[in-house]
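Below is one structure, written out as structure tokens; the observations come after it.
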Amino acid sequence: MDVLVCVKRVPTVGGAITVAPDGLSIDTRMSGFTISPHEECAVEEAVRLVERFGGSVTVVTLGPVEAEEQLRSCLALGASAAVLLETPAEAPESGPAATAAALHSVAADGGFDLVLLGNEAADTGDYQVGIRLAHLLGWPVATGIKALTVDDDATSVAARREYRGVAETYTLPLSCVLTVREGINLPRYPSLPGRLRAKRAVISRVPAPPAPSAGLRTTALRVPAAARRQATVLGQGVDAVPALVSVLAELGVLS
Amino acid sequence: MTVFCLVEVDDGGVVDASLRALTLARGVAAQAGGGLAAVVFGEPPAAELAAYGVCDVFAVSGVDGYAPQAWGRVLAELADGASALLAAGTDRGTEVLAHLGAITGLPMAANCVAVSVASDGSFEIVRQRWAGLLLEDAVLDAPLALLTVATDAGAAEPADAPGPADVRQVAVSPVGMDLVVRAAETAVGAGGASLSSARVVVGGGRGVGSADGFGPLDELAALLGGVVGVSRVVTSEGWRPHTQQVGQTGTKITPDLYLACGISGAIQHIAGCGGAKHIIAINTDPAAPMMARADYAVVGDLHKVIPALVEALRTRP
């Protein structure tokens, strides 16, 4: 079974997000970079499938040359090959349609049985690359998946998620596209041999196709007005309990 | 020109996220100088839709259950000639609009919190990035604007002067690829209020210390008619299932009260609970970021405070 996992290099966000002076990007001078938890889980899921069925896990990203760092982390987790769709330094952000088109150039040629993505990119949160990619491939797609089971002869997959307290199961023939969520598994830590292998691995670098205009043009990024509230301190320890009960009564949450 | 809104219905009523989407869509329709039309798959709650300013209801039949690509195809046909189509930023709303975007080749803007129509007919939007930790101002220039509305955006407000809603039946018969992916639904055991729609959420974080430490939080949640939500560290430690995780990669909550116990308040967690009307934080560290985000704070050990609170509520006259 050959699985393609699409990942995205995003800043590691710790205490706060700061907008860069250009107003169109976030300040990453002090931050490291990573892939989102959804995508870590996608890589883990792919590695588990290949452990069961044999085959290969290819990771792909659309991004600057620095995104090799994220591809190597995925290789350390057990991916067998990596492709960087390289965008020029200073290239503007690729929108979801352009990203799907670029990924399509890799997904269409690889004979893949399954393409996995995170449910949404951690940074732009567009929620549509997987679906647009599936339409370009002409493959079925399910999104937001929290559990998946491939049948024994690797011809179909049952993918599950929850919607308003109801479990939804989608049965898709392979090849298909799935976007997954954190919680589908607990990703392993990279092993030492895995890290060494990742360090030596050759990453195939392909220039990204030019991005068509998106129709959605960013004019500014800003941090929302402080959601900081003025906390009234009700007290210390158990002495605060009577005040706590009064507040709960005031808020109308006591029956 | 008409503005469309995909409306999700559960138990015969419009779901909260769709009411918020309708509220925003009504404003867009007013600016665009057109009526507001709702699309419902199944039986439409016509009176409730009318109260939110909907003039035309398209009640779609012929799609058995939820099939996202088929829904997207139906919307593509119904909204042909409209200026905008909105949906709630739920799993369903988002993926149906993404299918519609892929089918039509149109751009889609996810998780909008504000939309205005510019004089040249383009849309000036404000949308969430980083699950709402960052806002993006953008211009969407497309013959049909596809917009999802953040589930924690604004508030649901009925129309000031609602009129009657005209219900039209639309029978469709989807074919081929559009029906390959469809949901088979089964009830999830536990039942009760779900995290995303609970009125009260009792949150537990690293400070809870262990899976066993959640006992008093479970009791408190039951007493308040709420549910337990947790921070990311709790699920990665395996103390609680991921379905209970509140935050950027978990569930976004919009309760009346969020009672955060032993949660430091990483921004990824704040992204999930910032939509709470009121926040009470209990933490041993008065400088924890969660305390600064709260309306009320108790400085203390949750292992002492919560059992004492449970006891006080139990014995309350």
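Listing for the model above:
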| item | result |
| --- | --- |
| Pair list, Cβ < 6 Å and 6+ apart or interchain, from segment B:6-24 residues that are touching a residue at least 60 places away in the same chain (Cβ under 8 Å) and under 21 Å from B:Arg127 (Cβ atoms) to residues that are surrounded by 24 or more Cβ atoms within 10 Å (Cβ to Cβ) and of a type in the set (Phe, Trp, Tyr) | B:Leu22/B:Tyr52 |
| Some residue of segment B:186-196 being in a loop (DSSP other than H, G, I, E, B) and surrounded by 19 or more Cβ atoms within 10 Å (Cβ to Cβ) | no |
| Matching strands (runs of 3 or more DSSP E) fully within segment B:257-317 where at least 3 residues are surrounded by 22 or more Cβ atoms within 10 Å (Cβ to Cβ), more than 9 Å from chain A (Cβ to nearest Cβ) and touching a Lys or Arg at 6+ places or on another chain (Cβ under 9 Å) | none |
| Scan of segment A:168-190 for residues that are among the aliphatic types (A, V, I, L, M), part of a loop (DSSP other than H, G, I, E, B) and either surrounded by fewer than 19 Cβ atoms within 10 Å (Cβ to Cβ) or over 13 Å from the mean Cα position of the chain (by Cα) (or both), ordered by number | A:Leu174, A:Leu186 |
| All positions within segment B:51-75 that are over 21 Å from the mean Cα position of the chain (by Cα), of a type in the set (A, V, I, L, M, F, W, C) and crowded, with 19+ Cβ neighbours inside 10 Å | B:Val57, B:Phe58, B:Val60, B:Val63, B:Ala70, B:Val74 |
| Verdict on A:Ala231 being at the interface with chain B (Cβ under 7 Å from one of its Cβ atoms) and crowded, with 16+ Cβ neighbours inside 10 Å | yes |
| Pair list, Cβ under 6 Å, 6 or more apart: segment B:60-71 residue modelled with pLDDT of 95 or more, other residue crowded, with 22+ Cβ neighbours inside 10 Å and among the aliphatic types (A, V, I, L, M) | B:Val60/B:Val74; B:Pro68/B:Val96; B:Trp71/B:Val96 |
| A:Thr149 being within 12 Å of another protein chain (Cβ to nearest Cβ) and either in contact with a Leu (Cβ under 6 Å, 6 or more places away or on another chain) or of a type in the set (Ser, Thr, Tyr) (or both) | no |
| Test: residue in segment A:41-49 that is modelled with pLDDT under 95, out of contact with any Gly (no Cβ under 6 Å at 6 or more places or on another chain) and among the charged types (D, E, K, R) | no |
| Leading residue by the ranking (nearest to B:Ser231 (Cα to Cα)) among those in segment A:183-227 that are within 12 Å of chain B (Cβ to nearest Cβ) and among the charged types (D, E, K, R) | A:Arg222 |
| Pair list, Cβ < 7 Å and 6+ apart or interchain, from segment B:77-95 residues that are not assigned by TED's automatic domain parsing to the domain that holds B:Gln248 to residues that are in a strand (DSSP E or B) and basic (Lys, Arg) | B:Asp91/A:Arg161 |
| Residue within segment B:223-242 that is assigned by TED's automatic domain parsing to the domain that holds B:Gly207, outside any helix (DSSP H, G or I), over 21 Å from B:Thr284 (Cα atoms) and among the hydrophobic types (A, V, I, L, M, F, W, C) present | yes |
| Counted residues, segment A:152-182 - those being at positive phi and either basic (Lys, Arg) or within 9 Å of another protein chain (Cβ to nearest Cβ) (or both) | 2 |
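The values are calculated or read from the model by the stated rules, or taken from the named source; none is laboratory data. None of these values were measured; they are calculated from a predicted model. Glycine gets a Cβ as well: all are built from the backbone with ideal geometry, and neighbour counts include every protein chain shown.
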